[in-house]
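The structure appears right after this line, and notes come after that.
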Amino acid sequence: MSRPASQRAQHFLRRVVALVLFSSGGFGCSVTKHSPAVVEESAIEISVARELDASNGAVVCVEPEAARIGARVLADGGNAVDAAIATAFALAVTWPEAGNVGGGGFMLVRFQNGDAGFIDYREVAPSRASPTMFLRPDGSIDFEAIDHGWLGVGIPGTVAGLAMAHERYGSRPWTELVKPAAAIARRGFPISKALARSIASARPELAKNAESARIWLREDGTTREEGERVVLLDLANSLDAIAEGGARAFYEGVIAQKIVADSSAHGGLHTLEDFAKYEAVFREPLRGTYRGFDILAAPPPSSGGQILLSALNQLEALEDSSQLQLARMGTADELHLHAEALRRAFLERYRFLGDPDFVAVDIERVISKERGRELAVSIDPLRAALSRELAGDLDGTLRYESEHTTHFSVVDAMGNAVANTYTLEQSWGSKITAAGTGILMNDEMGDFNAKPGESTQTGRIGTSPNLAEPGKRMLSSMCPLIMTKDGELELVAGSPGGRTIPSTVLRVVTGIVDHGMSAREVLSVPRVHHALFPDVLRVENALVESEVELLRSRGHTIERVSKQGDAHVIVRESETLRAIADTRIDGAAATPRRE
Ligand code: DON
C-alpha cells in the first residue's frame, strides 16, 4: 500500500514541512495559520468539514482534531492504515469517552486490489476469570463491580491491534503515528462542547476514581467546562513510551506494571502474565452479498457482521420470494421488515455466537442465503412476531447499553479503505484511570453473559457461548463494514451503540442499495432497532408519528429514542467518494487538500 518510489521524494519535503508545522500549531488551529509563507507553498493543507470529497483520501470520525491528524498522515504519504492508527491514538486523547488505549476493537481493511483483512483486538478475560465471577454470594449480579470496578476490566487489546495493523500494512514509521497524540496530550487542548457534555454526564462516576477525578474534574469536584484547557501528562508519557517501545512497552513494561498494581490494590484479577500473553488476532472478514453488492464485515467475536448479513439475507429472501419491493414500500412497512429480520438475526446470535477460539459455530451456515430464507419464512409482512414465542427455550434478557463506542472510516487516494470501531464499552469505560498511566480502563467484561442460564424478558442473556472464561473474548456487536460493487469501493461504515450497532449499519446499507440514497440522505433517515429482547422496537424521534402508528398497528411495542448511533461513513456518489460525519454528533471529515 505504500506509495511508489517516484512520489516519495515529493512527499519527503512535505513531511518535513508538515512536522515543523504540526509542532508549531495549536490544537484546533489550521496548520497554515501559524506558518511562514514560504512553508505554506509546499505544505499540503488539511480541509476539515462535516462532509467533503474523499478522492484525495479522507478520515471521518467523531472529533475534528483526530480526523485532522489522520488526514495529515495521508498528506505525508501514509496509507489508510497509517492514518487509521494515528487517528485511533489521537481519539484516545481528544475523545476519551470512547477513543482509547485501555479498550479494544476491530479493524477491517480492504485494499484497492480486493485483498482484505480483519484485526481482532478485542479485550480478553484475565486468567482468573470464571462464568460466575460477576455473582455475589447470594447469586445476584454485582453490576456495580462490572460497570465501575476492576472486575469489569478486560485485558486491553488496542495497542496490540494497532501494532499488528502497522506491522502488516503500515508504511510510515510507528513513532510518527503515535507521537501526534502524545504531543496533544502533553501540550493540552481546550475542552470542546461535546467533550464538556460528555464529562458532565459521567461526572458522578468519574468522581469515584481519584485519578479520573483529578484529571477530568475541578478540585472542588465540579465539571470542567467547554474551553478549559486540559493537559494529560501521564497519558502523554504512556503514549511516548508506546511510540518508542511499541506494544511491548504497554504489555510488558512499566505501563502493564502500573495497571496491574492498581488492579491488585482494588480487588482486580489482572496479572502481569495476562498482559504479556495478550495477542491481537488476524482473522478473515465475513463475506456476504446484498442485491449485487459485496460486503465485508466483522466476524466473531463480534456478532455485528453476523446480525447484519443475516438480516440482509432475510430481506433479500423476502424480496425474491414474495415480490415485495423494498424500494417501493412505505417507510413503516419497510421498517417493520427490518425489525422482523433483526429479531431473528439476534436470536441466531444468542443461540450460537461467542469467541470462535472457544465456541464452535458454523458461521458460514449462519450467514448463508439458505439460512436467510429459512428465517424469512416466518416473517409476516403485516404482523410483528412475539419474541418469547420465537425464542422458545432461549434463556435470557438484555441489559441497556449506551451509545459510547466510536467508529471511524478512512480511505486513501489509492482507494484502500479502513473501517475501525473500538470501545471502552460504556462511556468512559469503567471510569477508572489506572494510577500513573493516564489510561482509562474499559469495562468490557460486562459484554459477557453475566449469569449462566438466567433468562428474563427484559433483556439479559445467559446462554453458554458467551460466558466468561480465562483468556476468552467477550461477544461484541461492533460492525465495521466495507461494501463494494464490481470491485469498486461503495461504502465504509460503522457506528457505536452496543446492540443497536448492526441495526444502524443495516439502515445505512439498505438506504444505499434499496433506495440509492446520497451520503447525506442515508445518515438523516430515522433509525430503528430490535434485538429480540426486550420485545420492543426502538424508533428515533425523527420518525413521524403516522409511521410510528402504523408500526404499532402491526403489533410492535414502540420505544422512542432521541438518537441511535453515529455512523461516520465514506460513500460513493456518482464517480467520487464522499466522507460524511453523522449529524447526530459533532463529527468531522478531514482530507489533504488537492494540489
Ligand atoms: O462491543 C460491543 O458491542 C459493546 N461493548 C459496544 C458498546 C457500545 O457501542 C456502546 N455502549 N455501550
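Rounded to the nearest Å, what's the spacing between the alpha carbon centres of region 492-522 and region 158-180? Just the number, please.
Taking the Cα centre of region 158-180 as reference, the centre of region 492-522 is 29 Å away.
First check a/c for region 100-204, with a ≥ b ≥ c the square roots of the eigenvalues of its C-alpha gyration tensor; if it is under 1.5, answer rounded, and if not, answer prolate when a/b is larger than b/c or oblate otherwise.
On the way: a/c = 2.56, a/b = 1.36, b/c = 1.89.
Verdict is oblate for region 100-204.
Pull up all non-local amide H partners of L577: gap of 5 or more, or a different chain, and H-to-H distance under 5 Å with H placed in the peptide plane.
A54, S55
Once Lys and Arg get +1 and Asp and Glu get -1 on their Cβ, which of H530, V509, L489 lies farthest toward the positive end of the dipole of region 434-538?
Farthest towards the positive end: H530.
Hey, what number do you get for the chain at 222 nm if only DSSP H runs of n ≥ 4 count, each worth -39500 (n - 2.57), divided across all residues, to the nearest 500?
Calculated at 222 nm, the ellipticity per residue is -11500 deg cm²/dmol.
What does the C-alpha gyration tensor say about the overall shape of the chain? Classify as rounded when a/c is under 1.5, otherwise prolate if a/b is larger than b/c, or oblate.
Cα axes put the chain in the oblate bin.
Over the chain, with the other protein chains present, what is the accessible area per residue in square angstrom, probe 1.4 angstrom?
Normalised by residue count, the accessible surface of the chain is 35 Å².
Can you compute the charge dipole magnitude of the chain about its Cα centre, using +1 on each Lys and Arg Cβ and -1 on each Asp and Glu Cβ, nothing else charged? Give it in debye, rounded to the nearest 20.
640 debye
Determine the dipole magnitude for region 163-305: charges of +1 sit on the beta-carbon of Lys and Arg, -1 on that of Asp and Glu, nothing else is charged, the reference point is the Cα centre, and the result goes in debye to the nearest 20.
460 debye
The values are calculated or read from the model by the stated rules, or taken from the named source; none is laboratory data. Given the structure is predicted, the values throughout are model-derived calculations rather than measurements. For neighbour counting, all protein chains shown are included, and Cβ atoms are generated from backbone atoms with ideal geometry for every residue, glycine included. Accessible surface areas use protein heavy atoms only, side chains included; no ligands, DNA or RNA. Shrake-Rupley method; radii C 1.70, N 1.55, O 1.52, S 1.80 Å.
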